[in-house]
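Written out below as structure tokens is the structure these notes cover.
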Amino acid sequence: VSDRARIAAGFILLVGAALIYVATRLSVNADFSAFLPNATSSEQRFLASELKEGVAGRLLLIDIANGPPQQLADVSRALALRLAGDAAFRYVSNGDANIARRDLDVIRAHRYVLSNAVTEQRYSVEGLRDALAARLRALSGGAGFVENAFVAEDPTAETLHVVEQLAPATQPRREFGVWFDSTGARAVLIAQTRAAGSDIDGQARSIAALQTAFAIARAGTMATIRYSSPGAMAVESRELIADDASRLAIVSTLLVVAILALVYRSLIVVLFCALPAVSGLLVGVAAVDVAFSGVHAITLGFGATLLGEAVDYPSYLLTQIGAGETARDALARIGRTLAMAVLTTAGASVALLLTGFPGLSQLGLLTMVGVLCAGAITAWVLPHWVPVGWAPKTIRAPVAQWQMPAARWRALVAAAITLALVVAAARGVVWDDDLANMNPLPLELKQRDRELRSALGAPEVRFMLMIEAAAQDDALAAAERIRPVLEDAVRARRIAGFELASDYLPSFATQRRRQQALPPPEALRRRFEQAAQGTPFRVAAFEPFFEDAARGRTAPPLRATDLADTALGVKLAALVRADDGRWYVIVPLAGVDRPAEIEASVVRAAVPGVRWVDLQATSRAMMAEFRQRALAAFGVGALLIVGIVAVGLRSIAAAVRIAAPPMAAVVATAAMLAVAGSRLSVFHLVALMLVAGIGTNYALFFARRGESAGPSDATWRSLAVVVATTLCAFGTLATSRTPVLHAIGLTVVLGVLSSLVYTLLLPSPAPPRTGNR
Amino acid sequence: MRAVWQLLWLAASAIGATVFAAPTSFDVTRLMSMLAQVDRSSVAFEETRHFSALAAPITRRGTLSFERPDRLAMDVVTPFPETIRIAGSRVSIESPDGRREWDMSAQPGALAWIEAIRASLAGDAAALTRSFDATLTGTEAQWELKLVPRDERVGATLRQMTVRGREAQIAAIEIVDRRGDRVVIALKPLERSRR
């Protein structure tokens with residue numbers, strides 16, 4: 001058994017092991033925050049953890065349409081009831097008062113610490129007299145029976161006051177007891193999933209539970225449901241993309257197989273073509289999983305794209321086999337070039353690996369391991385397996401008569417590049433720094449999300465205050481101190497409203513102050529007797545009040561755990577977060593008119609730990625940072641390519657000439673995309689990375705010639721096959737209606753065509769002194 | 001949540017109908033068919049609220065109207081002007097303090113009240129006996145219909161309702177809550193129209 005055979009056997013074993021590993025141990029996480037930069041500021045950290053774990057990501061907005069309002073209200077109620085009993089959901093609300101019953105119990109039990117009306121003045125003789133006068137009028141009015149139900153235990157009506165104090169400024173309109181949108185045609189609900197928004201599988205299960213619940217709730221009606229949440233959208237876009245991708249994959253596979261079958265005329269050889277890339281993907285994925293304890297779904301998608309280059313490797317080998325030659329003879333001729341093609345891509349991947357972004361690092365490792373494995377299999381395994389005596393069909397393309405272009409051609413090309421650059425620069429390359437676009441959503445999903453948000457009065461928050469403190473209670477106390485500033489801003493109509501965690505859970509100091517405002521039992525009784533004089537109230541009936549007030553005065557403070565599973569608890573969880581030993585309270589601001597002025601007044605108030613946050617600016621800054629790091633990695637990668645080629649060809653000048661066509665192709669492709677009005681995103685960047693890899697290979701193989709002046713027939717055949725297969729595969733992708741697939745497909749098609757043109761037009765380097773062995 | 005209680009009261013206050021009837025054997029079904037002949041009616045009411053928190057009762061006066069199938073309106077004159085309207089499960093109160101509106105379909109207990117009263121006014125025996133145990137005593141000349149809720153959710157707030165009448169005319173409705181607080185609504189016919 002030869003060394004080569006042993007190496008081949010070793011690789012087969014490696015791929016087999018990777019296959020078993022991937023099939024049994026692989027853990028794919030769909031948390032796209034892996035593609036965010038490591039947060040450097042606490043705003044960024046907050047934003048990142050909000051995206052991963054936050055309540056916003058768990059909140060499902062639901063609407064029910066297609067039926068008379070009363071029927072929709074019944075379906076809404078039945079659905080809410082089912083979801084409330086479903087373990088996948090933590091909380092559900094459709095405006096129905098029954099569901100709020102538990103909230104009312106909690107408020108009633110803690111009314112003396114929750115009510116901001118509890119002051120010494122209110123529990124003086126005069127204050128109590130005013131309260132009794134108000135109760136008497138209420139008892140005499142249309143809602144008198146309501147008042148009578150609680151007057152004996154709560155004559156100062158603290159419970160009602162808290163309910164009013166906590167009621168959101170704007171609520172959806174109510175029909176037949178439940179929320180409807182402003183037109184009254186759709187019943188609307190909210191539900192909070194137990195699974196985090198970034199847990200796509202958990203979100204998918206929650207959505208399935210929602211659909212099952214709805215199928216039962218709608219029984220006998222024609223009602224239809226729509227829903228939206230960051231999590232649900234991720235689930236849906238994942239399905240849409242997977243659906244689209246697998247459909248297109250079938251089409252492109254058929255096309256590619258057809259081309260290969262035409263050239264190779266052997267089923268077994270066509271199958272060999274898939275072996276290196278598939279093996280590379282398996283081993284690469286396994287390597288990433290081991291190194292990062294899990295593979296990101298986006299890494300998988302992008303990695304599969306980047307390894308598209310590896311599909312070409314067997315073609316370079318197989319198309320070189322001449323009549324009467326073995327695969328090993330062909331390999332002997334192109335081995336060095338193939339090695340450079342593999343090493344340049346692997347080398348450029350190191351730049352990605354070292355960016356420090358979890359997502360980019362994964363991508364770098366996957367690509368590096370993947371192409372090395374694919375290259376090794378192409379070189380060391382395939383030649384053993386190609387049947388002896390097999391050779392590809394001879395192609396005599398008219399282009400084979402091509403003569404190297406004259407210098408004026410090159411000038412023309414340079415002019416064309418310059419022109420493209422000028423046009424692109426004039427328009428400006430528009431970077432898409434919208435964080436939301438990291439999760440590539442079809443437009444219709446975004447539109448539906450907007451509609452549901454406006455129906456539920458749940459606008460996306462852009463401005464907020466962020467309060468940071470060492471303890472939860474300190475953060476809540478700071479929130480209480482900033483309240484007057486926000487109240488002023490509301491009065492001045494510079495903000496429409498705000499949500500303050502301390503309204504749901506006052507700081508211990510505030511709770512203590514309110515408790516101390518309640519008089520001791522004897523004093524309260526005395527004052528109440530005085531206040532009741534001259535009124536029809538019977539003091540004897542108010543024993544429940546004296547008991548509750550005495551208990552409230554000495555009760556242990558209200559804590560977050562007391563609010564669990566209530567609307568108050570849900571709000572609180574959305575507004576308070578612990579991270580790395582620090583506590584954060586966020587204060588979302590609605591309808592901000594002049595942000596700069598509010599920011600100034602917040603700064604003037606100088607409450608320690610309170611910061612102004614513009615989420616949009618924060619997320620844009622994060623995305624811009626991401627993009628800059630990715631571009632820097634690109635630059636380093638390009639240098640690495642030149643360096644590797646320089647070592648391989650032992651000539652820096654030759655390396656620059658090899659690298660020129662792919663780099664020019666990348667620039668031209670970016671320019672064309674910009675001219676077409678595309679906003680360049682990370683997806684385009686990854687596709688351009690592939691273009692650079694593929695383009696480098698074209699240049700390498702095209703420049704590889706023997707003693708003759710021009711490329712051989714075999715080289716033309718190689719180029720024709722790899723270009724045709726790549727164009728088929730990515731051209732199919734470009735027809736996708738999913739923005740991300742379309743972007744990748746279009747970019748690679750433009751890039752491959754540009755690479756080909758530049759490879760043909762730009763001057764090739766002189767043959768390496770040593771030749772190809 | 002405020003609405004829960006609100007409704008209880010509204011349901012209790014919204015009453016009234018006058019009816020003529022021809023005598024046959026007298027039972028709940030017979031009484032209902034007598035009452036069922038009224039299409040719409042308008043009566044003067046005097047409502048007395050005996051609340052345990054108060055040493056003296058509160059008295060409200062005004063006009064109460066019923067219109068088939070499900071509309072009730074109460075125009076209060078004293079102690080202060082107020083208009084309460086019930087249509088289906090929707091309740092609104094308009095007073096000098098402003099206008100408020102609720103939908104009661106989410107409150108099975110409270111809704112049972114409204115429907116009990118409406119069923120009495122409309123003479124809908126089936127609806128009435130579905131949610132209440134109804135006991136009729138007396139004669140056509142002077143009868144008393146006692147209604148005890150079957151559903152325990154309703155029973156948690158309402159102990160019993162008593163409707164008293166002479167012939168086909170409801171004279172008074174008494175509502176007793178779980179603590180023994182009592183509201184008596186006395187009705188005096190102003191206008192009626194028969195089907």
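Filtered by the rule that a residue be open to solvent by less than 60 Å² (accessible area, probe 1.4 Å), of a type outside the set (D, E, K, R), in a helix (DSSP H, G or I) and within 14 Å of chain B (Cβ to nearest Cβ), segment A:99-113 gives A:Leu104, A:Val106, A:Ile107. If you go through segment A:196-214 one residue at a time, do you hit one that is assigned to a helix (DSSP H, G or I), in contact (Cβ under 8 Å) with a residue 60 or more places away in the chain, under 30 Å from B:Glu101 (Cα atoms) and not small (Gly, Ala, Ser)? Taking every residue of segment A:196-214 in turn, at least one turns out to be assigned to a helix (DSSP H, G or I), in contact (Cβ under 8 Å) with a residue 60 or more places away in the chain, under 30 Å from B:Glu101 (Cα atoms) and not small (Gly, Ala, Ser).
For the criterion of being open to solvent by 10 Å² or more (accessible area, probe 1.4 Å), more than 25 Å from A:Phe11 (Cβ to Cβ) and modelled with pLDDT of 75 or more, A:Pro387 fails. I'd like the full set of residues that are assigned to a loop (DSSP other than H, G, I, E, B) and either basic (Lys, Arg) or open to solvent by less than 10 Å² (accessible area, probe 1.4 Å) (or both), limited to segment A:284-302. Listed by number, the list holds a single entry, A:Gly294.
The conditions of being in contact with an Asp or Glu (Cβ under 9 Å, 6 or more places away or on another chain) and either open to solvent by 10 Å² or more (accessible area, probe 1.4 Å) or within 14 Å of chain B (Cβ to nearest Cβ) (or both) are met by A:Leu139. Inspection of segment A:498-514 identifies no residue that is touching a residue at least 60 places away in the same chain (Cβ under 8 Å), open to solvent by 10 Å² or more (accessible area, probe 1.4 Å) and at positive phi. I'm trying to understand the selection: among the residues of segment A:116-140, which are touching a residue at least 24 places away in the same chain (Cβ under 8 Å) and not in a helix (DSSP H, G or I)? Matches in segment A:116-140: A:Asn116, A:Ala117, A:Val118, A:Thr119, A:Glu120, A:Arg122, A:Tyr123, A:Ser124.
On the basis of being within 23 Å of A:Leu500 (Cβ to Cβ) and touching a strand residue (DSSP E or B) at 6+ places or on another chain (Cβ under 7 Å), does A:Pro557 make the cut? Explain how you work it out, then say what you get.
Values: within 23 Å of A:Leu500 (Cβ to Cβ): yes; touching a strand residue (DSSP E or B) at 6+ places or on another chain (Cβ under 7 Å): no.
Here the answer is no, as A:Pro557 does not meet what is asked.
Residues in segment A:182-202 that are under 29 Å from the mean Cα position of the chain (by Cα), open to solvent by 10 Å² or more (accessible area, probe 1.4 Å) and of a type in the set (Ser, Thr, Tyr): A:Ser198 only.
Residues of segment A:145-184 that are outside any helix (DSSP H, G or I), at pLDDT 90 or above and facing another protein chain (nearest Cβ under 9 Å): A:Val151, A:Ala152, A:Pro155.
Do the conditions hold for B:Ser89, that is, is it farther than 30 Å from A:Glu529 by Cα, within 12 Å of chain A (Cβ to nearest Cβ), touching a Ser or Thr at 6+ places or on another chain (Cβ under 9 Å) and surrounded by fewer than 21 Cβ atoms within 10 Å (Cβ to Cβ)? For B:Ser89, the condition - farther than 30 Å from A:Glu529 by Cα, within 12 Å of chain A (Cβ to nearest Cβ), touching a Ser or Thr at 6+ places or on another chain (Cβ under 9 Å) and surrounded by fewer than 21 Cβ atoms within 10 Å (Cβ to Cβ) - is not met. Within segment A:119-130, count every residue that is in contact with a Phe, Trp or Tyr (Cβ under 9 Å, 6 or more places away or on another chain) and either facing chain B (nearest Cβ under 10 Å) or open to solvent by 10 Å² or more (accessible area, probe 1.4 Å) (or both). Total satisfying the criteria: 1. So is A:Arg527 more than 13 Å from chain B (Cβ to nearest Cβ) and either open to solvent by 60 Å² or more (accessible area, probe 1.4 Å) or in contact (Cβ under 8 Å) with a residue 24 or more places away in the chain (or both) or not? Here the answer is yes, as A:Arg527 does meet what is asked.
Considering A:Thr554, A:Thr566, A:Thr561, which residue is without any contact (Cβ under 8 Å) to a residue 12 or more places away in the chain and of a type outside the set (Phe, Trp, Tyr)? Break it down stepwise before answering.
Values: A:Thr554 fails: without any contact (Cβ under 8 Å) to a residue 12 or more places away in the chain; A:Thr566 fails: without any contact (Cβ under 8 Å) to a residue 12 or more places away in the chain.
Among A:Thr554, A:Thr566, A:Thr561, only A:Thr561 is without any contact (Cβ under 8 Å) to a residue 12 or more places away in the chain and of a type outside the set (Phe, Trp, Tyr).
Residue under question is B:Val76, and the condition is that it be within 23 Å of B:Thr63 (Cβ to Cβ), assigned to a strand (DSSP E or B) and in contact (Cβ under 8 Å) with a residue 60 or more places away in the chain; does it hold? Against the criterion (within 23 Å of B:Thr63 (Cβ to Cβ), assigned to a strand (DSSP E or B) and in contact (Cβ under 8 Å) with a residue 60 or more places away in the chain), B:Val76 does not qualify. Among the numbered conditions (1) of a type in the set (D, E, K, R); (2) in contact with a strand residue (DSSP E or B) (Cβ under 9 Å, 6 or more places away or on another chain); (3) surrounded by fewer than 18 Cβ atoms within 10 Å (Cβ to Cβ), the only one that A:Asp243 does not meet is (2).
The values are calculated or read from the model by the stated rules, or taken from the named source; none is laboratory data. Note that the structure is predicted; figures quoted are calculated from it, not measured. Neighbour counts are summed over all protein chains in view; Cβ atoms, including those assigned to glycine, are modelled from backbone coordinates with ideal geometry. When the accessible area is computed, the model is the full protein with side chains, heavy atoms only, and any ligands, DNA or RNA have been set aside. Shrake-Rupley method; radii C 1.70, N 1.55, O 1.52, S 1.80 Å.
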